[in-house]
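Colleague: Handing you this structure, nothing more for now.
No lab work stands behind these numbers, since they all come straight from the coordinates. Predicted model only: the values in this text are computed from it and were never measured. With ideal geometry, Cβ positions are generated from the backbone for all residues, glycine too; neighbour counts draw on all protein chains shown.
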Amino acid sequence: MKTLANMAVEVLSTADGRAKTALSRDYAAQWFAARAAGETPEIGAATPPLHPARPEKPELLSPRDVPRRRPGSRPGQIALLHAVGHIELNAVDLHWDIIARFTDVKMPIGFYDDWVKAADEESKHFNLICDCLEDLDSFYGDLPAHAGMWRAAEDTVDDFMGRLAVVPMVLEARGLDVTPGMIDIFRKAKLDQVVEALEVIYAEEVGHVAYGSKWFHFLCGRHDLDPKEVFHKLVRKYFHGALKPPFNEEKRAEAGLPPDFYWPLADDPRP
Ligand SMILES: [Fe+2]
Ligand SMILES: [Fe+2]
């Protein structure tokens, strides 16, 4: 069996979305088969690329150049789904990147269990969204997508706690805030397959935020730091702009994110 770091770099170096997620799911299955057999696979060390390999399409544009369409129309629904697919593909890479990027920090094996599981789930999410797009006679790559999704990874390339603060605890937590509204849009559009896919994503993303919070708190404890203070400092350092209410306080609580972590970083004061 390859080391986990080598597996991660191979996934990051695969350009095609379906091929990337197939490899990702295969390596996750190998990891969990070994773990179920009572093994502790080697983590190893490797050099992940600064930018993961990506397919030629979609064309990547600055967010303000990506055309906006009304979500009440079918083209608008397809554009929204396409944007979700793009986020999921980035998420696959983000999860493998955090595995390979910070191997110099010794972590309990449970950290890797969590991140391999999350990477496997992101791969499933991407495939679910691709299936939905194909069912609507579109495909991932059919429309332009946001450039700059990798910015959070670049900004925190040498700051493990900064990565945990910004990616799972800010960006993925934001997903918990906006997904119920998206589910409503597709329910109204009577696109049941999309509703089902988004419900899977919504349920599993709570876990990803929870992993972020758990391991962030673990590292704070290791270094005897106040988690809330460090979180505020790191988000202000690495995240561009304020957090946007309304927050999904219930799901954030379920994921181990208390209100005093995110409200002080919001652009609107707490109601
Ligand atoms: Fe996801
Ligand atoms: Fe996620």
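Colleague: With θ taken as phi - 60° and the coefficients 6.51, -1.76 and 1.60, list the Karplus ³J(HN,Hα) couplings across region 114-123 in order, rounded to whole Hz; mark glycine and proline as x.
Modeller: Going residue by residue, I get 5, 6, 5, 4, 5, 4, 5, 5, 4, 5 Hz, with x marking Gly and Pro.
Colleague: Estimate the FRET efficiency between E229 and W263 by the formula 1/(1 + (r/R0)^6), using the beta-carbon distance for r and 22 Å for R0, to the nearest 0.05.
Modeller: After rounding to 0.05, the efficiency reads 0.90.
Colleague: Output wanted: per-residue J couplings in Hz (rounded whole) for region 259-266, from phi through Karplus 6.51 cos²θ - 1.76 cosθ + 1.60, θ = phi - 60°, x for Gly and Pro.
Modeller: Residue by residue, region 259-266 yields x, 6, 7, 9, 4, x, 9, 7 Hz.
Colleague: Next question. Can you order the peptides 9-17, 120-128 by their average number of other Cβ atoms within 10 Å per residue, highest first?
Modeller: So the peptides 9-17, 120-128, ranked by packing, come out 120-128, 9-17.
Colleague: Can you list the residues, at least 5 places off or on another chain, whose amide H is less than 5 Å from the amide H of A266, using H built in the peptide plane?
Modeller: Amide H neighbours of A266, under 5 Å, 5+ apart: L243.
Colleague: Enumerate the lysines that K124 could reach by cross-link, defined here as Cα to Cα under 30 Å, with residues fewer than 8 away along the same chain left out.
Modeller: Reachable lysines: K2, K20, K57, K106, K188, K190, K214, K244, K251.
Colleague: If we sort 197-208, 231-242, 84-95 on the protection proxy, mean other Cβ atoms within 10 Å, highest first, what's the order?
Modeller: 84-95, 197-208, 231-242
Colleague: Please give the charge dipole size of the chain, origin at the Cα centre, charges +1 on K and R Cβ atoms and -1 on D and E Cβ atoms. Round to the nearest 20 debye.
Modeller: 540
Colleague: Continuing with this model, one more query. Measure off 7 Å from each Cα along the Cα-to-Cβ vector at K188 and R236, then give the distance between these two points in nanometres to one decimal.
Modeller: 3.9
Colleague: Then there is this: Connecting C-alpha atoms closer than 10 Å in a GNM of the chain, tell me which of D135, D97, D114 has the biggest fluctuation.
Modeller: Between D135, D97, D114, it is D135 that shows the largest mean-square fluctuation.
Colleague: Hey, another quick one. Once the dipole of the chain is set up with Lys and Arg at +1 and Asp and Glu at -1 on Cβ about the Cα centre, which of A46, T156, F32 lies farthest towards its positive end?
Modeller: The Cα lying farthest towards the positive end belongs to T156.
Colleague: Arrange E39, E254 by Cβ neighbour counts within 10 Å, fewest through most, would you?
Modeller: E39, E254
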